[in-house]
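Contents: one structure, followed by commentary.
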Amino acid sequence: MKRNVYFVTGIDTNAGKSYATGYIARLWNSEGRRTITQKLIQTGNAGYSEDITLHRRIMGIDYTEEDRAGYTMPEIFSYPASPHLASRLDNRPVDFRKIEEATGILSDRYDRVLLEGAGGLMVPLAEDYLTIDYIREKDYPVIFVTSGKLGSINHTLLSLEAIRNRGIRLEMVVYNRYPETDDQIIGRDTERYIRRYLNRHFPDAGFMEMPRFALSR
């Protein structure tokens, strides 16, 4: 297990994981902690990772040497689906050894690595292998991204319970306020409830509100 690797996951594919990953990397770099991001498995692309591209825009940097070498985007599949299906449609299995070797290279070169998953914790990476299985196997601490939209509180609590039951360390919950929800009453109470839940069950975990920010062009 690489102790400077943090796994970024969230409630679903539209939780804002890529924005949070890029933003935290930018923040940590500004604080003097050299940080790089990696995409565990990219689907829906060919030859590049749109999520890594977004990370770099948020971070305000060009593609790195590690991007060009493929270490930050070691597995890419063409169909926009969960990895188990995308890999089957491309007729090749996910190469987990390749991913792990790439993560190790990044971990050796940088102070911290933010490893963004695909979708949520229960997304299948292979037929009998879930994202949460990979996280537990590698013993990565989790940065969990959620929001205040209607229904998110259920998905958040289910995910946090799964994290607790698997003995995974929760590093931080990132509360994504954007896009703004139509019902601010729900949004404010969801934040209050999650903070209270964390105090009771994950007292060592951090909580971050992701602010609005401008993307670099």
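The values are calculated or read from the model by the stated rules, or taken from the named source; none is laboratory data. As the structure is a prediction and not an experimental result, all values here were calculated from the model. Ideal geometry is used to build each Cβ from the backbone, glycine not excepted, and the neighbour counts take in all protein chains shown.
Miscellaneous remarks
- Hits in region 52-71 - residues which are over 18 Å from the mean Cα position of the chain (by Cα) and assigned to a helix (DSSP H, G or I): Glu65, Glu66, Arg68, Ala69
- In region 104-160, residue farthest from Pro93 (Cα to Cα) [restricted to those that are outside any helix (DSSP H, G or I) and among the polar types (S, T, N, Q)]: Ser147
- Test: Val94 is aliphatic (A, V, I, L, M) and closer than 30 Å to Arg192 by Cα: no
- Sole residue being among the hydrophobic types (A, V, I, L, M, F, W, C), closer than 24 Å to Ala162 by Cβ and within 17 Å of the chain's Cα centre (by Cα), chosen from Ile41, Ile76, Ile36: Ile41
- Here Ile163 does not qualify as assigned to a helix (DSSP H, G or I), under 12 Å from the mean Cα position of the chain (by Cα), farther than 17 Å from Met210 by Cα and not polar (S, T, N, Q).
- Verdict on Gly117 being within 27 Å of Gly151 (Cα to Cα), crowded, with 23+ Cβ neighbours inside 10 Å and without any contact (Cβ under 8 Å) to a residue 40 or more places away in the chain: no
- Count - residues of region 169-217 that are in a helix (DSSP H, G or I) and either modelled with pLDDT under 85 or closer than 17 Å to Val8 by Cα (or both): 1
- Filtering region 61-77 to residues that are loosely packed, with under 14 Cβ neighbours inside 10 Å and either within 19 Å of Lys17 (Cβ to Cβ) or not acidic (Asp, Glu) (or both) leaves Tyr63, Arg68, Ala69.
- Any hit, region 72-82, residues being in a helix (DSSP H, G or I) and in contact with a strand residue (DSSP E or B) (Cβ under 9 Å, 6 or more places away or on another chain): no
- Cβ-Cβ under 6 Å pairs, at least 6 apart or on other chains, region 8-23 side crowded, with 24+ Cβ neighbours inside 10 Å, far side outside any strand (DSSP E or B) and among the basic types (Lys, Arg): Val8/Lys17; Gly10/Lys17
- The listed residues are Glu101, Glu116, Glu127, and the only one of them that is among the acidic types (Asp, Glu), under 15 Å from the mean Cα position of the chain (by Cα) and modelled with pLDDT of 95 or more turns out to be Glu116.
- Scope region 125-157; condition loosely packed, with under 14 Cβ neighbours inside 10 Å and of a type in the set (A, V, I, L, M, F, W, C); matching residues: Leu150
- Of all residues making up region 24-51, the number that are closer than 26 Å to Thr156 by Cβ, in a helix (DSSP H, G or I) and without any contact (Cβ under 8 Å) to a residue 60 or more places away in the chain: 3
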